[in-house]
Every structure is written in C-alpha cells, then in structure tokens.
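To start, the structure under review is shown below, and the notes come after it.
The values are calculated or read from the model by the stated rules, or taken from the named source; none is laboratory data. What you see is a predicted model, and the numbers here were worked out from it, not measured in a lab. As a convention, Cβ positions derive from the backbone with ideal geometry for all residues, glycine included, and neighbour counts pool all protein chains shown. Note: accessible area is taken over every heavy atom of the protein model, side chains too, but ligands, DNA and RNA are not part of it. Shrake-Rupley method; radii C 1.70, N 1.55, O 1.52, S 1.80 Å.
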Amino acid sequence: MAPVVQVRDLHKSFGAIEVLKGISCSAEPGEVIALIGSSGSGKSTLLRCINLLEVPERGSVAIDGEEIEFASAPGGRRAASEAQLRRLRSQLGMVFQSFNLWAHMSVLQNVMEAPVHVQKRDRAEVEIQARELLEKVGIGEKADAYPAHLSGGQQQRAAIARALCINPRVMLFDEPTSALDPELEGEVLRVIKVLADEGRTMLLVTHDMKFAREVAHRVVFLHDGCIEEEGPVEKVFNGAASPRLRQFLAAAGHG
C-alpha cells in the first residue's frame, strides 16, 4: 500500500533564505506524525508545500501514490494541472493556526462551503454531515452562530469540522493551538486526540511536546531546514541521538 503522503528531496526558498533543504518523509495510512522543532526550522513550510500553498523549487510530493505534476513558470515552477491540484487538495484537510473562517458566514455555512461548491456534493447530504461533525467536535449548538461570536477554541473546532467535511485522506494541522489561551488549548487537543484514536492519517506541527508524545506514532525533528532526527515516539523522547534534539527537548521540559 502506498504511503498517503510521500515527500522526496523537497527544497523551498524565500528569496535568499533556503527554508527546506532536501526534506524526504512519508506518512502511512493511519499514522500520526508530529513535526517538531524550533521556530523557523521549516515545519509549517513543509505542510504548506504538501498541499501546494507553497510551491517547492525542487523535489516531489505524492498523495496516495499520485505525484503532483509541476510545470516551469517565471521565477520557478507551478502546478501543471489545476484539475489535479483541486483533486489532490480535496484529499487534504488543513487546519491553520488562525482558524481562517469566513466572517460573513455562519459556522454551518463555513463547514459546508467546500463540499458544496468545490466538490459539488448534494447540499442536503452535506448539511447532515456538517451538523454531525459540529456535534462531534462539541459545538453542535453553534451551527447558526457567526465566528465573531465564538471563543478561539470554538472557532478552531469549527475549522477542524470544516476540514473533516471534505472527507480528507489526511489531516494537516499547523500549530492548531498556538493562537489560543492555555485554558482553550485542551478542548482542541481533545478533539485531535479523538481523530487520532479513530485511525486518521495526520501530520501535526506542534509546540506541545506532551501532546506530541501522547498522540503521535512517529516524531520528525526539523532543524535549520533539514530532518535532524526521526523515529518512534519513545525512541525520540527517551533515546534521542542528536545533541540538538536533546537540547530542544530539554528546553521544552522533556529532556
């Protein structure tokens, strides 16, 4: 069985700054991978390259064995096929740091938007699924509310429901609790833990080492745009070979 996500030799620069320096990694079906590392190590850029919010200068990305096709473009390259890009993106549920909900739409409308207008699915069927997902993340009673009337934790749970409603093959979480007050982090982390326990494939960028240890099968430690060390959770946290990783974990209170 092909990995759900396969990244090979990914390079990405912003101007003169090379952010990713030849990253290769994969996620098997049902695997939860925690991407850890200090700020600026390339974690979020890696996620954004996987769903082509950023286009890598070199390297390949494959979803379920289908490699994204690139074409030359001024100053670099671009996705060669908009149809392929839309199809593969519909297999990737992305949850951002800053919620990114449409302010002029109710929570329910936010969750239904992509399935109805991008995937062209039946509106009545999507509404049933959307309401079920809002119940699943614990905000079923907020379906008709607008994002401005929700707490940060409720907005992020709405964003998770929105990502789930496209029926993705893999969920990508980019520091999903970093914009939240500490007391609101727990409600979002509990939802992510439920998804992990269901056997969903997930790539999770997180600063929360305790949560990474609890939810992930494998940990990838990025340092200065490279994978410095990776392995099963217990090996990474209890037997780190890299001095940089040991230093990072110690600074995070897990050394």
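For this structure, a couple of remarks:
- R0 of 22 Å, Cβ-Cβ distance R78-H117: FRET efficiency to nearest 0.05: 0.40
- Only Cα pairs under 8 Å and 6+ residues apart enter the sum, and on that basis the relative contact order of the chain stands at 25 percent.
- Every Cα-Cα pair of the chain was included, and the share exceeding 21 Å stands at 59 percent.
- In this structure, the residue pairs whose Cα-Cα separation is over 25 Å, taken from K43/K235; K43/K193; K120/K193; K43/K210; K210/K235, are K120/K193.
- J(HN,Hα) series, segment 80-97, from Karplus relation 6.51 cos²θ - 1.76 cosθ + 1.60, nearest Hz, glycine and proline x: 6, 10, 5, 5, 5, 4, 4, 5, 6, 5, 5, 9, 10, x, 10, 10, 8, 5
- Karplus-derived 3J(HN,Hα), 6.51/-1.76/1.60, for each residue of segment 4-17, Hz, glycine and proline x: 5, 10, 9, 10, 10, 6, 7, 10, 9, 10, 10, x, 8, 9
- When its C-alpha radius of gyration is set against 2.2 N^0.38 Å (N residues), segment 1-106 gives a value of 1.12.
- Point-charge dipole on Cβ atoms (K/R +1, D/E -1) for the chain, about Cα centre, debye to 20: 360 debye
- Distances between placed amide hydrogens fall under 5 Å for H223 paired with E228, all partners being 5 or more residues away or on another chain.
- The length gained by stretching the chain between V55 and S178 to full extension, at 0.36 nm per residue less their Cα-Cα distance, is 41.8 nm.
- In the context of the full protein assembly, H11 retains an accessible surface of approximately 20 Å², using a probe radius of 1.4 Å and ignoring ligands and nucleic acids.
- The H on the amide N of G231, modeled in the peptide plane, is under 5 Å from the matching H of V219, each at least 5 residues off or on a different chain.
- D (Stokes-Einstein, µm²/s), Kirkwood Cα radius, segment 153-211, 1.002 mPa s at 20 °C: 182 µm²/s
- Full-stretch length increase - S24, E234 - with 0.36 nm per residue and alpha-carbon distance subtracted: 73.5 nm
- Debye, to nearest 20: dipole size of segment 2-133, +1 on Lys, Arg Cβ, -1 on Asp, Glu Cβ: 340 debye
- Residue-wise HN-Hα coupling along segment 57-69, computed from phi with Karplus coefficients 6.51, -1.76, 1.60 (Hz; x: Gly, Pro): 6, 9, x, 10, 10, 10, 10, 6, x, 9, 7, 5, 8
- For segment 147-255, the fraction of C-alpha pairs more than 17 angstrom apart is 57%.
- Rolling a 1.4 Å probe over the protein heavy atoms gives segment 1-125 an accessible area of 47 Å² per residue.
- Most mobile of S151, S41, S90 in a GNM of the chain (Cα contacts under 10 Å): S151
- Per-residue SASA entry for D224, accessible area with 1.4 Å probe, Å² rounded to 10: 90 Å²
- Highest GNM mean-square fluctuation among S72, S60, S178, for the chain modelled with Cα contacts below 10 Å: S72.
- Residues whose amide H lies under 5 Å from that of S81, counting only those 5 or more places away or on a different chain, are E69; hydrogens are built 1.01 Å from N in the peptide plane.
- For segment 167-238, the solvent-accessible area of protein heavy atoms averages 41 Å² per residue (probe radius 1.4 Å; ligands and nucleic acids excluded).
- 9 Å beta-carbon shell around R48, net charge (K/R +1, D/E -1): -1
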